[in-house]
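Here, each number is a calculation from the coordinates, and none is a lab measurement. As the structure is a prediction and not an experimental result, all values here were calculated from the model. We place every Cβ from the backbone using ideal geometry, glycine too, and count neighbours over all the protein chains shown.
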Amino acid sequence: MTDHLDMERVDCADCFALPGPDNTRVLSARAGGMLGEVWHMPDCPQFTIMRIMGEEGCKRVLEEDVWATGVFHAARERLQQAFAALPADTAVQPFVGALTELVQAQADTTGFVMLHRWAEILDRHFPPPFPESDRTTG
């Protein structure tokens, strides 16, 4: 493990703050794996704008999450109703069944449906063909 990281210090064009206990350090990723750092004074206009934009972005994400949760659950219900109304022998039944089960799996988790769960569901709705037992090689 190394104690040294490649760091490029950039002066703030508004406050020209230097590293210090009262100033705020902002890190960013640069091309090639380098880090960039900018120091800001507490009353720096650039830092104030950055904080406001960050807070607005967080607020927007939270609002979108609330909206999407409501829409997702309502659409999931409509999908389940459509699946239940399908005749069992229709060609689209395995596709709609798999989609319905995947959507339900997503509803049951707070993160993403993991790959092994996708594989279980898809394998159940689209099982591999069984070899023909009466077929002989010759």
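State the extension gain, in nm to one decimal, for the chain segment bounded by V10 and L99, taking 0.36 nm per residue of separation less the distance between their alpha-carbons.
27.1 nm
List the longest stretch of the chain that has no exposed loop site; here a site is one of the chymotrypsin sites (Phe, Trp or Tyr not before Pro) assigned by DSSP to anything other than H, G, I, E or B, with at most 15 other Cβ within 10 Å.
In short, 17-111.
If you take the square roots of the eigenvalues of the alpha-carbon gyration tensor of the range 1-56 and sort them as a ≥ b ≥ c, do you get rounded (a/c under 1.5), prolate (a/b over b/c) or oblate?
prolate
Note down the nm distance, to one decimal, between modelled labels 7 Å out along Cα→Cβ at A74 and at R51.
It is 3.8 nm.
So for the chain, taking the charge dipole from beta-carbon charges (+1 Lys/Arg, -1 Asp/Glu), which of F95, V38, F72 sits furthest toward the positive end?
The Cα lying farthest towards the positive end belongs to F95.
Would you please classify the overall shape of the range 31-138 from the alpha carbon gyration tensor, given that a ≥ b ≥ c denote the square roots of the eigenvalues, rounded means a/c under 1.5, and beyond that prolate means a/b larger than b/c while oblate covers the rest?
Since a/c reaches 1.5 but b/c is at least a/b, the shape of the range 31-138 is classed as oblate.
Compute the acute angle (0 to 90°) between the alpha-carbon long axis of helix 93-107 and the principal axis of greatest extent of the alpha-carbon atoms of the chain; round to the nearest 10°.
40 degrees
Just A88, A98, A107 to compare: in a GNM of the chain, with alpha carbon springs under 10 Å, which one fluctuates most?
A88
With charges set only on the Cβ (+1 for Lys and Arg, -1 for Asp and Glu), what does the dipole of the chain come to about its Cα centre, in debye to the nearest 20?
Around 280 debye, computed over the chain.
DSSP loop (so not H, G, I, E, B), at most 10 other Cβ within 10 Å: list which GluC sites (Glu not before Pro) in the range 95-134 pass both filters.
For GluC sites (Glu not before Pro) across the range 95-134 that sit outside H, G, I, E and B with at most 10 neighbouring Cβ atoms in 10 Å, the list reads E132.
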